[in-house]
Amino acid sequence: MYKFIFEKTEGVDVYGIFALSTFFIFFIVMIIWMMRVKKDYLSKMEKLPLEENDNELLNFKKGNNNI
Amino acid sequence: MEKEKFYYDNEIVKNFAIATLVWGVVGMLVGLIAALQLYNPVHNMGSQYTTFGRIRPLHTNAVIFAFVGNAIFMGLYYSLQRLCKARMYSDLLSKIHFWGWQSIILLAAITLPLGLSTSKEYAELEWPIDILITLVWVVFAINMFGTIIKRREKHMYVSIWFYIATVVTVAVLHIVNSIEIPVTFFKSYSVYAGVQDALVQWWYGHNAVAFFLTTPFLGLMYYFLPKAAERPIYSYRLSIVHFWSLIFLYIWAGPHHLLYTALPDWAQTLGTVFSVMLLAPSWGGMFNGLLTLRGAWDKVREEPVLKFMVVAITAYGMSTFEGPLLSFKNVNAIAHFTDWIVAHAHVGALGWNGFLTFGILYWLVPRLYRTKLYSNKMANLHFWLGTLGIVFYAVSMYWAGITQSLMWKEFTPEGILRYPNFLETVLQIVPMYLIRSIGGFLYLTGVIIGCVNLIKTAKSGSLLKNEEAEAYQMNLMDQTLKKEKKHRWLESKPTQFAILTTVVILIGGIAEIIPSYLIKSNVPTIKSVKPYSPLELQGRDLYIREGCNNCHSQMIRPFRSETERYGEYSKAGEFVYDHPFLWGSKRTGPDLARIGQKYPNLWHFNHMLDPVSMSPGSNMPKYDWLFTQDLDISTTSAKIIALRKIGVPYPEGYENIANEELNKQAAEITEDLIKNGAPAEQTKEIIALIAYLQRLGTDIKGNQKNQNTK
């Protein structure tokens, strides 16, 4: 039934093509990006949440080093 | 080069933490009361304000937006400041955000029991509150982006990406789904109708799960898990893939909530395909979390914080595995409308959101108060009660869901339904409802123990309202980072990042929703489908007020087991005047799509007064207040005018005679009831509700010939 409606709706196939092509482009761009990401950037980034530990330790009274 | 000194705002984090605990207990308590009512409706305490249909939305809103919402803000305000090496942009905006959000919750807690509801799941709040939500969200967004812009750290850590995606997408979802036409200050109609309303609602509903319950919590996971485990995330590269693929895929998956309904097939298939693909980024994220703990599992044994986090991430993995599974049409055919979905939702809410929240709280509160956790033993007790609670809850609901569904679908060798009486399938699973409430009770007990532990912790220390920190200014850092010529254009610039994120999430939304607009003008209209009469319309609004849609669907799927039980399957064209749609998502009671004219008026009269008198053993509550309260007909003409504005073809001037028509129809029904010996009064609400119920599905009942293309 809906196939029939779609046949009547002009230019609706554009949506299917649009969806498929964005999907492919999106993931190909992402893969290329991932392959090109530099190691030093990654290692800098992953340490970011742990960096402020210095400050924390400055402020932190002894006794709460359970984690 | 001097470092700059500044202070983190811990006060706002503390406020959100307190709100998390308070609303957590309230939301779960309401959930427990709702659970008790499911096997014995007397637990509504005889009041309309505490009856299931009204407190179920209260429970979901309280847990999602109050408990989880405040937990998000707590963790976000803490981690964002530290990841940006900056205090929040404005203390005033932080305060407005906090108090604004709490007042929204308070208004929800007042209006939902009063029955002021739009009926759209997780978006039940009426239009004035919707506007308030928008304003508060804008305040939050300004505060967050302001902080990111004035940050002292060049790069934006992946948690911030998840926060940005949350802020942007929730805004889009909330606005699109809340477009409604006000009738009075407390009443509005969705501008969308029927199939379109369903599609928009579940695009919203699904992505509320995605961008309120998932992405912000993933942001929190990527920050607090490395902190608690004292080691970096397993793979930062994986977290980037996780982020982009998750937000890209999630937005398409909404229609999996509408499989086998009157929603067009192409949209259903799209929902399934994207849901299946969603497994990849979800599990990528889960592994990234769990593998962060490699070499630290000995700590997990000792440390309650990590225990909570491990179970949370495991629950995330379980529910994101189950999601795609439930999106297969064959699995969905069994699971939809049953307690299986309830189990699925609670593994996510209790496990993923609840446990990650408490993991963070146990880590955070001792730090905010410069002290040690009051009792590790209590935290462990909380952990085990919570875990046990989840197991009791989930197992009983899986059992209940599958049992009931199989009973619905069972035929005798002669080819008739084995359990033609719906109630039989309910009574079968009542023990499971009992076990579920025990699960909920255990979980809530754990939470209360957790609250006591955290309060004692806070009392044993003192809050460091402003925490001193120092960092280089960003422009100074720029010089040191000059070497990075090709630095990441995107992730160091919040504005571009937010725009790209918006584009990514809009692609899915646009590709799904625009075709539904194209279809609207081509959908087969059914000649015999007419707008509701004024009395039926008022009755429909009572149906919405009482939240009947929380237990009754109005959507007969094209299965033999359903057409045998309920009648002809539902057609898209039947719902063109339904603002909002009332398809429902759970069948605690039977489907009502074709209840009209199935029973005499008297049956409904007696059934609403005391359901047990008509269906012995029924778990439906009594609706005796409908028999004493007068129907408010002062709104009739305003309702007609509002609906005409959004496309319902009431003739011009009809609003002037609407109440005349209403009284005429009410008199007919009352006369019929009195003739059959019922003490009916024409002015009471029950008459309108009966009128609506008797109309349901009768437009095309057994009459396919009327179906015509426009």
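The values are calculated or read from the model by the stated rules, or taken from the named source; none is laboratory data. Bear in mind that the values here come from a model prediction, so they are computed numbers and not experimental data. For neighbour counting, all protein chains shown are included, and Cβ atoms are generated from backbone atoms with ideal geometry for every residue, glycine included. For the accessible areas, the whole protein counts, side chains as well, though only heavy atoms, and no ligand, DNA or RNA atoms are used. Shrake-Rupley method; radii C 1.70, N 1.55, O 1.52, S 1.80 Å.
What the table below lists for this structure:
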quantity	calculated
Where a residue in region B:334-353 is over 18 Å from B:Leu442 (Cβ atoms) and its partner, wherever it lies, is open to solvent by 30 Å² or more (accessible area, probe 1.4 Å) and not in a helix (DSSP H, G or I), with Cβ under 9 Å and at least six apart	B:His336/B:Tyr260
Among the residues listed as B:Arg565, B:Arg557, B:Arg540, B:Arg594, the single one being part of a helix (DSSP H, G or I), in contact (Cβ under 8 Å) with a residue 12 or more places away in the chain and closer than 29 Å to B:Met407 by Cβ	B:Arg565
Tabulated pairs, region B:300-328, first away from chain A (no Cβ under 13 Å), second among the hydroxyl-bearing types (Ser, Thr, Tyr) and open to solvent by less than 10 Å² (accessible area, probe 1.4 Å), C-beta under 7 angstrom, 6+ apart or interchain	B:Thr320/B:Ser282; B:Gly323/B:Ser275; B:Pro324/B:Ser275; B:Ser327/B:Ser275
Members of region B:111-132 found to be open to solvent by 30 Å² or more (accessible area, probe 1.4 Å) and out of contact with any Pro (no Cβ under 6 Å at 6 or more places or on another chain), listed by number	B:Leu114, B:Leu116, B:Tyr122, B:Pro128, B:Ile131, B:Leu132
Selection within region B:1-54 - of a type in the set (Gly, Ala, Ser) and either over 30 Å from B:Val342 (Cα atoms) or in a loop (DSSP other than H, G, I, E, B) (or both)	B:Gly46, B:Ser47
Every residue from region B:543-554 that is open to solvent by less than 10 Å² (accessible area, probe 1.4 Å) and either outside any loop (DSSP other than H, G, I, E, B) or free of Cβ contacts under 8 Å to residues at least 12 places away in the same chain (or both)	B:Tyr543, B:Ile544
Total residues in region B:640-664, condition over 30 Å from the mean Cα position of the chain (by Cα), assigned to a helix (DSSP H, G or I) and not hydroxyl-bearing (Ser, Thr, Tyr)	11
B:Phe392 being open to solvent by 20 Å² or more (accessible area, probe 1.4 Å) and at pLDDT 95 or above	yes
Given (1) open to solvent by 10 Å² or more (accessible area, probe 1.4 Å); (2) within 13 Å of chain A (Cβ to nearest Cβ); (3) out of contact with any Phe, Trp or Tyr (no Cβ under 7 Å at 6 or more places or on another chain); (4) among the hydrophobic types (A, V, I, L, M, F, W, C), index of the condition B:Val276 fails	(2)
Residue identified as more than 30 Å from B:Tyr8 (Cβ to Cβ) and buried (at least 18 other Cβ atoms within 10 Å of the Cβ) among B:Leu454, B:Leu368, B:Leu381, B:Leu444	B:Leu444
Any chance B:Val30 is under 30 Å from B:Pro431 (Cβ atoms), of a type in the set (Val, Ile, Thr) and at pLDDT 95 or above	yes
Given (1) in a helix (DSSP H, G or I); (2) at pLDDT below 65; (3) facing another protein chain (nearest Cβ under 7 Å), index of the condition A:Leu42 fails	(2)
Hits in region B:223-242 (condition: surrounded by 20 or more Cβ atoms within 10 Å (Cβ to Cβ), outside any loop (DSSP other than H, G, I, E, B) and facing chain A (nearest Cβ under 10 Å))	B:Tyr223, B:Phe224, B:Leu225, B:Pro226, B:Lys227, B:Ala228, B:Ala229, B:Tyr236, B:Ser239, B:Val241
Search result, residues across region B:285-313 that are of a type outside the set (A, V, I, L, M, F, W, C), open to solvent by 10 Å² or more (accessible area, probe 1.4 Å) and within 22 Å of B:Ala349 (Cβ to Cβ)	B:Lys307
Residue identified as on the phi < 0 side of the Ramachandran plot, open to solvent by 10 Å² or more (accessible area, probe 1.4 Å) and touching a helix residue (DSSP H, G or I) at 6+ places or on another chain (Cβ under 6 Å) among B:Val138, B:Val176, B:Val191, B:Val168	B:Val168
Count of residues meeting criterion [touching a residue at least 40 places away in the same chain (Cβ under 8 Å) and within 13 Å of another protein chain (Cβ to nearest Cβ)] in region B:354-370	10
Per-region count, region B:63-95, residues assigned to a helix (DSSP H, G or I) and open to solvent by less than 10 Å² (accessible area, probe 1.4 Å)	20
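To keep it simple, each residue is scored yes or no on (1) modelled with pLDDT of 85 or more; (2) in a helix (DSSP H, G or I).
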{"position": "B:Ala469", "(1), (2)": "yes, no"}
{"position": "B:Leu476", "(1), (2)": "no, yes"}
{"position": "B:Trp489", "(1), (2)": "no, no"}
{"position": "B:Gln496", "(1), (2)": "no, yes"}
{"position": "B:Ile510", "(1), (2)": "no, yes"}
{"position": "B:Ile519", "(1), (2)": "no, yes"}
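Here's the yes/no breakdown for (1) in contact with a Leu (Cβ under 9 Å, 6 or more places away or on another chain); (2) within 11 Å of chain A (Cβ to nearest Cβ):
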{"residue": "B:Ile181", "(1), (2)": "yes, no"}
{"residue": "B:Ser188", "(1), (2)": "no, no"}
{"residue": "B:Leu249", "(1), (2)": "yes, yes"}
{"residue": "B:Gly271", "(1), (2)": "yes, no"}
